[in-house]
Amino acid sequence: MAEALLALEDVRAGYGDAIVLDGITLAVPDGGSLAILGRNGVGKSTLLLTIMGFTRVSRGAVMWRGRDITRAGPHWRARKGLGWVAQERDIFPSLSVEENLMVASRPGRWDLGAIYGLFPRLRERRASRGNHLSGGEQQMLAIARALMTNPMLLLLDEPLEGLAPIIVEELTGAIRRMTADEGTAFVLVEQHAEVALSLSAEAIVLERGSIAHRARSQDLLKDAATLERLIGLRLAEEASGF
Amino acid sequence: MIASAFGVLFDGFAYGMLLFLLSVGLSVTLGMMNFVNLAHCSFAMLGGFVTVTLTNDLGWPFLASLPLAFLSAALVSIALERVLYRRLYGASDLAQCLLTIGIVFVSVAVAAYIYGTIQQPVNLPSYLRGSVAIMGQSLGVYRLFLIGVSIVITAVLVAALEFTRFGAQVRAAVDNQRMARGLGIDVDRVFAVTFALGSGLAGLGGALAIEIVGLDHAFAFTYLIYVLIVVAVGGLGSIAGSFVAASLLGISDMAGKYYFPELGAFLIYFVMVALLMWRPLGLFGRR
Ligand SMILES: Nc1ncnc2c1ncn2[C@@H]1O[C@H](COP(=O)(O)OP(=O)(O)O)[C@@H](O)[C@H]1O
Ligand SMILES: [Mg+2]
């Protein structure tokens, strides 16, 4: 097997003494993609936080390009190619849109020009303060800001949550372009299971902190029984919800 | 009395600029990093003693000693930050107070041991002494120099914070530490550098203060109160707030001593109480 870009080996992690994740083993190859599904509170965000180094790992190992990074700090991981879009978006309120983009930028193919090409709306709003943006604009900015660090792997935590359908479409288009065209690997946590599965190659479903199911995304998309059992999803209803 | 009103204003503003240099670093560490560093004026005192030693014992020119006052305070603060402060970043205010007030006691004892308990003299070069007449007013040259230095420093600070990448990283780290780290910003380093800059400015302020308010072993305690007042009135973390508050307090302190000698040094406290009742978060405070 080729060396994975990111691998988790039997990871147990949580906050302080509380254990949230247990026995997590997964791998994302270069340019690969993984959808993480699961009900609220099963530990999806915690899994991304663990990959970024924000949780306490009490067992197992997090490997990045063959190297054990279990004890490395978040800023070190970010500099080595992990890009993170937090569920809370976490735009810096006292920075302008352009400052939000530039503050952590690193050289690479994603620069201001490329970002404004992907999200023209951010160009229009580039002088606005971070706290004067709509929800959709904040989400675009959070993704754009992570891209400006030119990551090899992008961690996206519910990027479509609470957005109007037209913006969801715009954002999924952007995600598709930046990953398919540019070959950026990604891990996507998403409530819109259908969208997540259509964007990704592989998928896992979490249940109470452990992996309850793994499949290729296109297979899981057709497996209505499993989806309904594990995340209570009825595909037809989800689709008509738009 | 009327004739000297401008003179009082001028002296008060110069004194305010001194308070600004002494306090701006504390405002930044307290407001941005949430660290209660009561030992801030120990760094100022260190700068003062460096200048005294360099000029009186080693014959350095006064101006040449100022960068060293800045540097020594900055370097000592880096060492302390590494060894002690960093461990208490997440700790309670009380723990931080206890540690840093302990450092004040130590610094005062060390200063008394080395320099004794007398006021330290400083030799100003002749071009900083005396006064010049501007528009019929006689203005102290040294105070003009003090005001000039402070305004230049304020401009540089504001520009650095607003227009450089490092300044943006400081603001980002203050807004949201977790996200800043998650984007690859070395927040610990950003804070350490900011802290060192603030302490260095205190060191510079301590050196510049000798001519105006004197220097002895107790400086770290005496000026802690003034510096805390400036920070509280100005609003935590606001450079502009510190500037305005320091000017107001400097002027009112000077005016109190001139016009209401019986109130003496108390006017500054009345001004503080009044301002804080009007704006509890400080003039420019946001939280
Ligand atoms: N900072 C935290 N400290 C302690 N527990 C937390 C923290 N964040 C989340 N949790 C707990 O971890 C569990 C998983 O949360 P989370 O990873 O946010 O789930 P999801 O993203 O799947 O909705 C929940 O029980 C939640 O209460
Ligand atoms: Mg979540």
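Observations
- Working from Cα pairs under 8 Å separated by at least six residues, relative contact order for chain B is 38 percent.
- Within the range B:172-201, the residues that become at least 40 Å² less accessible when every protein chain is included than when their own chain is isolated (1.4 Å probe; DNA, RNA and ligands ignored) are B:ASP175, B:ASN176, B:ARG178, B:MET179, B:ARG181, B:GLY182, B:LEU183, B:GLY184, B:ASP186.
- The range A:96-178: C-alpha pair distances exceeding 17 Å, %: 41 percent
- Among beta bridges that DSSP assigns inside the range A:6-234, antiparallel share in %, nearest 5: 60 percent
- Counting Cβ atoms of other protein chains within 10 Å of each Cβ in A:47-54 and taking the mean gives 1.
- Gaussian network model of chain B, Cα within-10 Å springs - most flexible of B:ASP186, B:ASP216, B:ASP57: B:ASP57
- Test item: Cα-centred dipole of the range B:2-224, Lys/Arg +1 and Asp/Glu -1 on Cβ, debye: 400 debye
- Element breakdown for chain B at a 1.4 angstrom probe: carbon and sulfur atoms account for 71% of the accessible area.
- q = 0.11 Å⁻¹, the protein assembly as shown: log10 I(q)/I(0) [Debye, one scatterer per Cα]: -0.95
- Peptide B:161-169 has a mean shielding of 3, counted as Cβ atoms of other protein chains within 10 Å of each residue's Cβ.
- Note: relative contact order over the range B:152-287, using C-alpha pairs below 8 Å and six or more positions apart, is 19 percent.
- Cα→Cβ-extended label distance, 7 Å offset, between B:TYR258 and B:ILE118, nm: 3.3 nm
- Chain A - percent of accessible surface contributed by carbon and sulfur, probe 1.4 Å: 48 percent
- Span from the the range B:41-94 Cα centroid across to the the range B:110-137 one, whole angstrom: 19 Å
- Annotation for the A:B interface, with buried accessible surface near 1900 Å², both sides summed [1.4 Å probe; non-protein components not counted].
- Peptides B:16-27, B:95-106, B:125-136 ranked from most to least packed, by the mean per-residue count of other Cβ atoms within 10 Å: B:16-27, B:95-106, B:125-136.
- Highest average first, the peptides A:186-192, B:47-53, B:108-114 ordered by how many other beta carbon atoms sit within 10 Å of their residues are B:47-53, A:186-192, B:108-114.
- Three principal axis lengths of chain A [C-alpha, angstrom, descending]: 45, 45, 35
- Model label sites at B:THR164 and A:ARG109, defined 7 Å from Cα along the beta-carbon direction, differ in position by 3.4 nm.
- Computed over chain A, the per-residue total of -39500 (n - 2.57) for DSSP H runs of n ≥ 4 gives a 222 nm mean residue ellipticity of -9500 deg cm²/dmol, rounded to 500.
- 23 Å tail of the calculated P(r), the range A:46-147, as % of Cα pairs: 34 percent
- Calculated diffusion of chain B, Stokes-Einstein form, Kirkwood radius summed over Cα pairs, 20 °C and 1.002 mPa s, µm²/s: 110 µm²/s
- Antiparallel content of DSSP bridges confined to the protein assembly as shown, in %, to 5: 60 percent
The values are calculated or read from the model by the stated rules, or taken from the named source; none is laboratory data. All of these numbers come straight from a predicted model, not from anything done at the bench. Quick reminder, even Gly has a Cβ in these numbers, built from the backbone with ideal geometry, and neighbours come from all protein chains shown. Ligands, DNA and RNA are stripped out before the accessible areas are found, and what is left, the full protein with its side chains, is counted by its heavy atoms. Shrake-Rupley method; radii C 1.70, N 1.55, O 1.52, S 1.80 Å.
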